[in-house]
Amino acid sequence: MKTLVVYFTGLYMDYIEVTFTSSPDYTDILIAELGELGYDTFQETETGFQAYAPEDQFSEEALQEVVERYSFAASFPYEVKRIAKQNWNEEWEKNFEPLLISNQVSVRADFHPKPEGVQYDIVITPKMSFGTGHHETTTLMIENQLTLNHVGMRVLDMGCGTGILAIMAEQLGAREVLAVDIEDWTVENAKENAERNACKTLEVRLGDASVLAGEAPFDIILANINRNVLLEDMPIYSELLKAQGPLVLSGFYTEDLPMLQEKAAECNLSFETSRTKNNWVSAIFRKND
């Protein structure tokens with residue numbers, strides 16, 4: 001899981017908002033734990049993050065258990081507030097602005113007009129999935145994709161979220177794209193977005209790295225997840241990547257990059273370059289011969 005800003009596209013619902021004070025070191029951990037409890041949307045704040053759960057999924061006792069589980073390391077003050085019913089779709093439309101990346105890629109919702117003069121146009125309805133392009137990691141990944149030759153390539157997008165990177169890969173000329181995510185509603189959202197963008201080579205699959213068993217090698221692998229999953233799955237990525245193929249990673253902070261570089265070296269991958277934005281990083285590694 002990653003911190004994100006997404007507005008709900010369900011209609012009228014009651015939600016519980018929990019505002020945490022937390023350091024970035026524990027934000028991803030807490031979000032992963034809360035995701036298991038039914039929290040489905042997260043938003044970064046200056047002092048931590050906010051987590052949202054449908055009222056019928058919320059349990060004060062379960063929330064306290066998560067906080068106490070990590071109390072040995074730090075304290076995590078939080079405030080709970082009930083948000084009355086409202087049209088979440090209307091709220092999302094008011095807050096989702098079209099985006100232009102590198103003056104080449106337009107990312108917009110279907111209620112935004114198609115811009116003129118851009119080379120690539122991606123239409124995204126995120127629902128509760130990560131990846132509107134507004135988060136730094138998604139933008140950084142697309143910026144790195146623009147530097148790579150996708151024409152005729154077989155591409156893997158791990159932790160695909162809305163499918164935005166997979167859609168970008170097809171628009172850049174990939175001949176075959178496999179997008180994978182562990183959440184069933186995310187997979188459905190990615191499929192909808194693939195259809196919305198008239199994708200013809202994109203397959204979306206439910207699961208984690210284990211669903212890649214027996215796959216043919218990939219020319220390019222994209223993975224925008226989080227540090228711990230990237231470290232765990234990097235040997236699998238390396239095994240599935242063709243020699244000299246790029247592995248593009250994001251979902252981690254600047255201070256995490258040395259750890260990923262060390263793991264990559266163990267997996268026959270060489271660090272090539274990276275770009276940063278607000279302490280988030282996207283790095284390109286390349287498979288050695």
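The values are calculated or read from the model by the stated rules, or taken from the named source; none is laboratory data. Predicted model only: the values in this text are computed from it and were never measured. All Cβ positions, even for glycine, are placed from backbone atoms using ideal geometry, and neighbour counts span all protein chains on display. Surface areas here come from the heavy atoms of the whole protein model, side chains and all, with no ligands, DNA or RNA. Shrake-Rupley method; radii C 1.70, N 1.55, O 1.52, S 1.80 Å.
Out of all the residues in region 228-250, is one or more in contact with a strand residue (DSSP E or B) (Cβ under 8 Å, 6 or more places away or on another chain) and exposed (fewer than 14 other Cβ atoms within 10 Å of the Cβ)? Yes, that holds for at least one residue. Residue check: Val248 meets all listed conditions (1) part of a loop (DSSP other than H, G, I, E, B); (2) closer than 25 Å to Ile101 by Cβ but one, namely (1). Would a scan of region 254-272 turn up a residue that is modelled with pLDDT of 95 or more, part of a strand (DSSP E or B) and open to solvent by 60 Å² or more (accessible area, probe 1.4 Å)? For region 254-272, residues modelled with pLDDT of 95 or more, part of a strand (DSSP E or B) and open to solvent by 60 Å² or more (accessible area, probe 1.4 Å): present.
Of the listed requirements (1) at pLDDT below 85; (2) β-branched (Val, Ile, Thr); (3) open to solvent by 30 Å² or more (accessible area, probe 1.4 Å), Thr21 misses just one: (1). Restricting Ala169, Ala190, Ala194 to residues that are closer than 22 Å to Gln244 by Cβ and outside any strand (DSSP E or B) narrows the list to Ala169.
Of all residues in region 134-177, those satisfying the criterion of being more than 12 Å from Phe218 (Cβ to Cβ) and charged (D, E, K, R) are Glu136, Glu143, Glu170. Among the residues of region 197-227, the one identified as open to solvent by 60 Å² or more (accessible area, probe 1.4 Å), touching a Leu at 6+ places or on another chain (Cβ under 7 Å) and assigned to a loop (DSSP other than H, G, I, E, B) is Pro217.
Evaluating Ala194 against the criteria (1) in contact with a Cys (Cβ under 8 Å, 6 or more places away or on another chain); (2) surrounded by fewer than 24 Cβ atoms within 10 Å (Cβ to Cβ) leaves one unmet condition, (1).
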